[in-house]
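Please read the structure below before turning to the comments.
The values are calculated or read from the model by the stated rules, or taken from the named source; none is laboratory data. The model shown is predicted, which means the values in this text are computed figures rather than measured ones. We place every Cβ from the backbone using ideal geometry, glycine too, and count neighbours over all the protein chains shown.
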Amino acid sequence: MRIKNKEINDRKTLDSIIHNAEICHLACCLNDQPYVIPISFGYDGKTIYFHTARAGKKNEIFLKNPQVSLGFETNIDLITDQDNACGWTFDFQSVIVTGEIKEINDPDLKNFGLNHIMLHYSNRNWNIPQEEIRKTKTWQVRIDTITGKRSPAKTSTKGE
């Protein structure tokens, strides 16, 4: 990272950013054509889980190029400067993850992944019907690399 004082290295902090993010942006690429999708997700500390429709563009890309990147952001705050356009900035914390995407076919692991998605948003485990598990296309990305960044400003003047 170019600016070392903005780098986040502490794994507990990186995990906290992921756990507190509302959505993540999944980036994939096919034939030098990038594709980014906002998705809901679950996280167990090692793996990101999400689900998709049974068919579609992203599924086709995943099968041809399983290398993906995921972006998470939290604590976003616009910092304004009414006298200087170049003084505008953001406070934020972000995490970037890379890994290989794999479809989950094992019903127990699908249930685990789907429950982590629901846990992320509802803070509880669910009894997901086997029929729903069977028909839901579920994916996992095991983390290969993880990096974090924060950009705190001195004072926040949001809403001026």
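Determine whether the range 102-119 contains at least one residue that is of a type in the set (V, I, T) and touching a residue at least 60 places away in the same chain (Cβ under 8 Å).
Checked against the condition, which is being of a type in the set (V, I, T) and touching a residue at least 60 places away in the same chain (Cβ under 8 Å), the range 102-119 yields at least one hit.
Is there a residue being under 22 Å from L109 (Cα atoms), buried (at least 16 other Cβ atoms within 10 Å of the Cβ) and of a type outside the set (A, V, I, L, M) anywhere in the range 27-35?
Within the range 27-35, not a single residue is under 22 Å from L109 (Cα atoms), buried (at least 16 other Cβ atoms within 10 Å of the Cβ) and of a type outside the set (A, V, I, L, M).
Give all pairs with beta carbons closer than 9 Å in which a residue from the range 17-46 that is within 14 Å of K58 (Cβ to Cβ) and of a type in the set (D, E) meets a residue that is modelled with pLDDT under 95 and not in a strand (DSSP E or B); count only pairs at least 6 apart in sequence or on separate chains.
The qualifying pairs do not exist here.
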